[in-house]
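The values are calculated or read from the model by the stated rules, or taken from the named source; none is laboratory data. None of the values given here were measured: they were computed from a predicted structure. Cβ: placed from backbone, ideal geometry, glycine included. Neighbour counts: every protein chain shown. The area values use the complete protein model at the heavy-atom level, side chains included, leaving out ligands, DNA and RNA. Shrake-Rupley method; radii C 1.70, N 1.55, O 1.52, S 1.80 Å.
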Amino acid sequence: MEQKLSVIMAADVAGYSRLMEKGTLAALMAHRQELWDVEVAAHHGRIVKLIGDGMLVEFRAVEDAILCAVEIQRGMRSRNAGISPDRRIEFRIGINIGDILFEDGDVYGDGVNVAARIEGLAKPGGVSVSSSVHDTLGGRLGIRFEDAGEQALKNIGRPVHIYNVFIDAAGSGPAALMAPPSQEVRENPPVKSGRTLLHVSRFANLSGNPDQEYFAAGITQDVVAALSRFSGLNVIVRVPRVESQHHPPATYYTLEGSVRRGGDRIRVNANLTNATGEHIWAEKYDFDLIDMFDVQDELSRSIPAALNVKIEEAERYRVLAEPLKGSRAYDFYLRGRHIEKSLKPDEIRLAKEMFLAAIDADPAYARGYLGLAWLEIRKLKWNERVDMEATLASAIASASKALELSPYDADIHWALGVVHLWRGEADRAIGCYERGRELAPNNCDLLAEYCDALGYLGLLEDAIRIGELALRLNPSRPDWYFWNIAASKYLSGQYSEALALLEKMAELGSAYRLLAATYAQLGRLEEARRAAAELLKLNPEFSIERYSSRTPYRDKALLARYVEGLRLAGLPE
């Protein structure tokens, strides 16, 4: 089985059965060969399944899928000109971003199902897309959309927000706005306040073969599309002169890269610098060239994931090095997130002051409210002695306010997922996490936290798979990634594997709880008791009863396994 996140186009013919009665099969085959096959190939797509009158097409970038769909529908308008309405072949097209699975020559998965349901809502001759596609594209192609609102889709457990594409006459719409890949003439998108600016230079082709320009351009396009989905970044495709902008130079970062292909090997280099030219991050990726599509898919995940982590880290250090006076809402938020990582009560109070200062500096800045929500969430996860009902109410109020201000911020949907999890609302929690993944599929921290949630819900295989993906995407992974995967390994009865992950952590912190239970299950009681003692130093009020009565385990047998380990380790009832 192969699983990956892709842009999926689903298409079929409106009124297919009626048309076949009129002997239009030959015309349908001609449309496929002369229009569909040509446009799909031109936009780097791959037909993965033919289904009678329809098909599923996979793309590596949202821009490719949208442009392909628009050109196909324009082409069909021309081809239908002069044909009587009862014999016209009109396609409906739906586009979605989601996970797809390939197994035994078939393709399926949530991404496919949603795309197919969206296609069923499209008008004949029209294109409809999910909100994840709409939000990812933004305004980059000059496409106009009609907001069709949230729709309940058959056999899909959550409503999906749908947008319909306005299709202009040929030559006057988005295709006419696109420059050839070799020209750097895209205008900069509007810069949103409170975001870090990232300039992306087109990756250089060092292969000595002009035919490889398409590959370097394709990688650039994929990386830009993926980076645009991170809420904290303004991504600018070409690098303007810094002095022409109206922002402090320290907020600028530049990504540059190169591609070298030799025989059946490809090397891609990428490096990130700040406004002063200081190197923040560099990485090289080597591949055996088996499937070019897979190489680009891997790069479009790995590079954005690493950049998101490194830029946020660099921004925190930048803010902490500057005086507090004159800070922006964004700076206050970053300070609060940095301080919040401490386990000291005084510093937690200071973190709250920073988030409140962010709100005071800019009441419309959603992440100030998001920070307040995280402070309430950490009380639950750290098993503090608090009023559960009041804490959950405060957390959801802050997160909901943040969502109202910034509905397309993946981190906000993530935070709401945690709150719904602890409220015992499993379906709503999964819906929030999945919405976050739609908006930012390469957000490593979100994936690692989703691993934790899936473990609580007893979906242990899924939890481990998602957690290991987060590990792979984030070379600078924090210790808590290991803890979250170890928890699912423990609940699966894989105690030795859980311990091996915990031993990779440099700072155990609150992971002493899981470490104590793991040692106990392995019969290493002396080490279990030492870990329990360390936990109680950090959290003197910990009790098994409070932990077991609050944690959102859906399967009580899994909770019993955890509690058994805690008791064997000698933690207080």
Report the residue count in region 326-337 for those that are open to solvent by 70 Å² or more (accessible area, probe 1.4 Å) and either under 18 Å from K381 (Cβ atoms) or touching an Asp or Glu at 6+ places or on another chain (Cβ under 7 Å) (or both). 0
Answer yes or no: is there a residue in region 384-406 that is within 20 Å of the chain's Cα centre (by Cα), modelled with pLDDT under 85 and surrounded by fewer than 21 Cβ atoms within 10 Å (Cβ to Cβ). yes
Output the residues belonging to region 233-251 that are surrounded by fewer than 20 Cβ atoms within 10 Å (Cβ to Cβ) and either small (G, A, S) or modelled with pLDDT of 70 or more (or both). S244, A250
Condition check: part of a loop (DSSP other than H, G, I, E, B), closer than 16 Å to I167 by Cα and open to solvent by less than 40 Å² (accessible area, probe 1.4 Å). Does I143 satisfy that? yes
Inter-residue pairs, beta-carbon under 9 Å, first at positive phi and in region 545-572, second crowded, with 16+ Cβ neighbours inside 10 Å and assigned to a helix (DSSP H, G or I), 6+ apart: G570/A516; G570/A520; G570/A528; G570/R529; G570/A532
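Within region 547-556, is even one residue of a type in the set (F, W, Y) and farther than 27 Å from L469 by Cβ? Spell out how you get there, then give the answer.
Let us first name the residues in region 547-556 that are of a type in the set (F, W, Y), namely 547, 553.
The next check asks that each one be farther than 27 Å from L469 by Cβ; those that pass are 547.
Yes, region 547-556 has at least one match.
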What are the residue pairs meeting all of these: first residue in region 259-274, first residue over 22 Å from R301 (Cβ atoms), second residue open to solvent by less than 10 Å² (accessible area, probe 1.4 Å), Cβ atoms under 6 Å, and 6 or more apart or on different chains? N274/Y253
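With the requirement that a residue be in a helix (DSSP H, G or I) and under 26 Å from the mean Cα position of the chain (by Cα), what does region 42-77 give you? Steps first, answer last, please.
Initially, region 42-77 is screened for residues in a helix (DSSP H, G or I), giving 42, 62-77.
Across region 42-77, the qualifying residues are V62, E63, D64, A65, I66, L67, C68, A69, V70.
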Across region 1-41, what is the number of residues that are open to solvent by 30 Å² or more (accessible area, probe 1.4 Å), modelled with pLDDT under 80 and either within 35 Å of the chain's Cα centre (by Cα) or more than 21 Å from G94 (Cα to Cα) (or both)? 12
Taking into account only those residues within region 205-223 that are open to solvent by less than 40 Å² (accessible area, probe 1.4 Å) and modelled with pLDDT of 75 or more, which is nearest to A440 (Cα to Cα)? V223
